[in-house]
1. Ala186 is checked against (1) at pLDDT 65 or above; (2) in contact with a strand residue (DSSP E or B) (Cβ under 8 Å, 6 or more places away or on another chain); (3) open to solvent by less than 50 Å² (accessible area, probe 1.4 Å) and fails just one. What number does that condition carry?
2. Being at pLDDT 90 or above and either open to solvent by 20 Å² or more (accessible area, probe 1.4 Å) or not in a strand (DSSP E or B) (or both) is the filter here; which residues of the range 1-18 pass it?
3. Go through Leu156, Leu103 for me and flag whichever is within 30 Å of Leu37 (Cβ to Cβ) and either surrounded by 12 or more Cβ atoms within 10 Å (Cβ to Cβ) or modelled with pLDDT of 85 or more (or both).
4. In the range 39-67, what residues are touching a Lys or Arg at 6+ places or on another chain (Cβ under 8 Å) and open to solvent by 40 Å² or more (accessible area, probe 1.4 Å)?
5. Whether any residue in the range 82-94 is aromatic (Phe, Trp, Tyr), open to solvent by 20 Å² or more (accessible area, probe 1.4 Å) and modelled with pLDDT under 90 is what I want to check.
6. Filter the helices (runs of 4 or more DSSP H) completely within the range 19-137 down to those with at least 3 residues that are touching a residue at least 12 places away in the same chain (Cβ under 8 Å) and touching a Ser or Thr at 6+ places or on another chain (Cβ under 7 Å).
Amino acid sequence: MLCLKPTQASPLTVHIAKNGGLDDTDQKILSKLQLWLRAVSQTQRPPPTQTDRLWIGEDGLLEYARERVWYHITQINQLSGEVAALAAHAGIYSSLVNQLQCLCGRATDDSTLQCLNGIIDKAYELRCVWSELDPVKHRKALRHIGMIGRLRAAYLCFKPVACKLEGVSTIELRSLNYHQCTIIKAKVFQRYLEKVGGEPQLPASLLKAKGVPKYTRSWRPHIHAEMQLLVSLASKPEQQRRIHRYIGLSKKPCFMCYQILLSYNMPSQRQRCK
């Protein structure tokens, strides 16, 4: 996500990108979110969560994230022993952990939105449980609980943004879709990197990964979301005066994207130092 500040000629604009590109479902939820943000900004009256169609409607955020939420539910069910141990050491949060485990155990891949909403409610209430526990000992269970609750946290952030951020009443959410199917000769690409920037310093963990063969043969990669945003920004220099100097990511960038982002930022950092 890349945000462009509003001007007299242009509204507040947010560019959205996704690894592999956005599909029709993504476009639909973006359109719905844009209308919701504008309406709440103009009325200053965010709807109650339990009746908000953006959250719990047939084509709302819950339905949109169903597959991802179900994955973390199945992981919690598989980690029943660790979750039980988590409940035993969770202090004031023990009953919430037990309730969440029971709800996950009764859930199915076609559970109703109300059922999923109940699970997300409990996971969100457990967002502070980290402070009571050893995060290393219960790492897997805490991670999956946190990932379920994160959807509610993101949704709740939309409300103050819509009510307080300048320019949201005319906000535009724009999706980026660049050509994704590109066959790259990995060896040729590596020789090019060595020519322009020296031998690439790949981390040891990457060299041990199961996917190492794809770095030595041809493969068909996706263009990562960060790079789509940078390409869009570089192709429209007039937008560079409007950008906030950060990119919002849903997860950490890969090694290569991280290195490119560092290099891309260096000129502006030197300029500010001067």
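The values are calculated or read from the model by the stated rules, or taken from the named source; none is laboratory data. The structure displayed is predicted, hence computed values, not measured ones. Cβ atoms come from the backbone with ideal geometry, glycine included; neighbour counts cover every protein chain shown. Each accessible area value is taken on the protein alone, full model and side chains, heavy atoms only, with ligands, DNA and RNA left out. Shrake-Rupley method; radii C 1.70, N 1.55, O 1.52, S 1.80 Å.
1. (1)
2. The first filter runs over the range 1-18 and keeps only residues at pLDDT 90 or above, leaving 11-17.
Selection gives Pro11, Leu12, Ile16, Ala17.
3. On the way: Leu103 fails: within 30 Å of Leu37 (Cβ to Cβ).
Residue meeting the stated conditions: Leu156.
4. Residues satisfying the conditions are Pro46, Asp59.
5. Just the residues of the range 82-94 that are aromatic (Phe, Trp, Tyr), to begin with: 93.
Cutting the leftovers down to open to solvent by 20 Å² or more (accessible area, probe 1.4 Å) gives us 93.
Then drop every residue that is not modelled with pLDDT under 90, which leaves 93.
Yes, because at least one residue in the range 82-94 is aromatic (Phe, Trp, Tyr), open to solvent by 20 Å² or more (accessible area, probe 1.4 Å) and modelled with pLDDT under 90.
6. Values: elements: 24-43, 53-56, 61-64, 66-78, 80-88, 94-106, 113-125.
It comes to 24-43.
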